[in-house]
Amino acid sequence: GQNIDQPTEMTATEGAIVQINCTYQTSGFNGLFWYQQHAGEAPTFLSYNVLDGLEEKGRFSSFLSRSKGYSYLLLKELQMKDSASYLCAVDPQASGGSYIPTFGRGTSLIVHP
Amino acid sequence: DTGVSQNPRHKITKRGQNVTFRCDPISEHNRLYWYRQTLGQGPEFLTYFQNEAQLEKSRLLSDRFSAERPKGSFSTLEIQRTEQGDSAMYLCASSLARGTGQNGYTFGSGTRLTVV
C-alpha cells in the first residue's frame, strides 16, 4: 500500500521562501510528483523527481531522497498567487506494478502580504 | 488540443437519482483515470483505463459506481442511487502509457456533484 504524509497547512509572507515536506512509504516507487491546485480548479503539474537530488525550475525546486522516502517542494520569492494547495503524489513502479498515482492530502499554503 | 475536458462542471441532484459524468482526455493519451476529491483532501483514486480496457476497478467506492470507456476515447462515470456522501469533486486525468512521469498526468477541471 501507499502512505503519504504532508503538513495540512502552512503560511508564509510574500517574497519569502517556503519548504513543503512530503514523506512516503510505498510498496513500489518509480518517482514523485508535485502538483499545484488552486481552490475549485484542477491540479496542475509542477515537477517529477526520479533520481535523488534537487531539480530547479524557476522559482520552484523539488528535492527527492529515495532512501529516506522524503521529498520537498521549495518555493522562492513567494507571490500572492502561490496561495494554493500543493499535492505530493507517488508514481508507482511501472514494471509489474500498478500504474495508479497516489496523492497525499495536500498542503494548503497561504501567502500573506 | 484543448486538454482534458469534463462535463458538466456542476451537477446538483436529488438523493436517489442517477448521474453520469463525461471525460474527454487529450487525444493521444491512452490512459484515463477517475478520482474523487473532497474538501481538504487529495484526489482519491477510483478507476483507470488503458485504451478501452478497465484495468483497475476494485477501488470504486461501491457497486453504485461504474465507469466505461467504450471506444478508448472518452469515458463516463455513473453513480446510481446517489447519496449525500457522494457529494464531491470528480476529477478525470489522462496520460501517455510510456514516459508518463516526465509528462505528468493532465487533469480536467472536474465535475462538482452536490446531492441534496
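Check off (1) surrounded by 14 or more Cβ atoms within 10 Å (Cβ to Cβ); (2) assigned to a strand (DSSP E or B); (3) not polar (S, T, N, Q) for A:Phe29 and give me the number that stays unchecked.
(2)
If we keep just the residues of the stretch B:1-39 that are under 22 Å from A:Gln37 (Cα atoms) and among the acidic types (Asp, Glu), which is modelled with the highest pLDDT?
Of everything passing the filter in the stretch B:1-39, B:Asp24 is modelled with the highest pLDDT.
Yes or no: A:Leu74 assigned to a strand (DSSP E or B), within 15 Å of the chain's Cα centre (by Cα), in contact (Cβ under 8 Å) with a residue 40 or more places away in the chain and surrounded by 15 or more Cβ atoms within 10 Å (Cβ to Cβ)?
Yes; evaluated as a whole, the condition is true for this residue.
Name the one entry in A:Ser108, A:Ser83, A:Ser61 that is within 14 Å of chain B (Cβ to nearest Cβ), of a type in the set (Gly, Ala, Ser) and more than 23 Å from B:Thr47 (Cβ to Cβ).
A:Ser108
For every residue, the table says whether it meets (1) within 14 Å of the chain's Cα centre (by Cα); (2) not β-branched (Val, Ile, Thr).
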position	(1), (2)
B:Ser5	yes, yes
B:Trp34	yes, yes
B:Gly40	no, yes
B:Glu44	yes, yes
B:Phe74	yes, yes
B:Glu78	yes, yes
B:Thr82	no, no
B:Ala97	no, yes
B:Thr111	yes, no
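Just to be sure, is A:Cys22 at pLDDT 95 or above, within 18 Å of B:Phe45 (Cβ to Cβ) and more than 9 Å from chain B (Cβ to nearest Cβ)?
Answer is yes for this residue.
Which of the residues belonging to the stretch B:60-88 are in contact with a Lys or Arg (Cβ under 9 Å, 6 or more places away or on another chain), in a loop (DSSP other than H, G, I, E, B) and closer than 14 Å to B:Tyr35 by Cα?
B:Leu61, B:Ser87 - these are the residues of the stretch B:60-88 that are in contact with a Lys or Arg (Cβ under 9 Å, 6 or more places away or on another chain), in a loop (DSSP other than H, G, I, E, B) and closer than 14 Å to B:Tyr35 by Cα.
Restricting attention to the stretch A:32-53, report how many residues are without any contact (Cβ under 8 Å) to a residue 12 or more places away in the chain and assigned to a strand (DSSP E or B).
So the answer is 2.
Find the residue count for the stretch A:1-26, including only residues that are closer than 21 Å to A:Lys76 by Cα, of a type in the set (A, V, I, L, M, F, W, C) and surrounded by 16 or more Cβ atoms within 10 Å (Cβ to Cβ).
Of the residues in that region, 5 qualify.
What are the residues in the stretch B:51-95 that are within 11 Å of another protein chain (Cβ to nearest Cβ) and modelled with pLDDT under 90, if any?
Passing the criteria: B:Leu55, B:Glu56, B:Ser58, B:Arg59, B:Ser95.
Going through the stretch A:33-44 one residue at a time, which ones are within 13 Å of B:Tyr105 (Cβ to Cβ) and either among the aliphatic types (A, V, I, L, M) or surrounded by fewer than 15 Cβ atoms within 10 Å (Cβ to Cβ) (or both)?
Matches in the stretch A:33-44: A:Ala42, A:Thr44.
Go through the stretch B:26-45 and give me each residue that's under 26 Å from A:Cys88 (Cβ atoms) and touching an Asp or Glu at 6+ places or on another chain (Cβ under 9 Å).
B:Ile26, B:Tyr35, B:Arg36, B:Gln37, B:Thr38, B:Phe45
Would it be correct to say that B:Gln102 is modelled with pLDDT under 95, assigned to a helix (DSSP H, G or I) and not small (Gly, Ala, Ser)?
yes
The values are calculated or read from the model by the stated rules, or taken from the named source; none is laboratory data. Please read all numbers here as calculations on a predicted model, not as lab measurements. Heads up, the Cβs are rebuilt from the backbone with ideal geometry, glycines too, and the neighbour counts pull from every protein chain shown.
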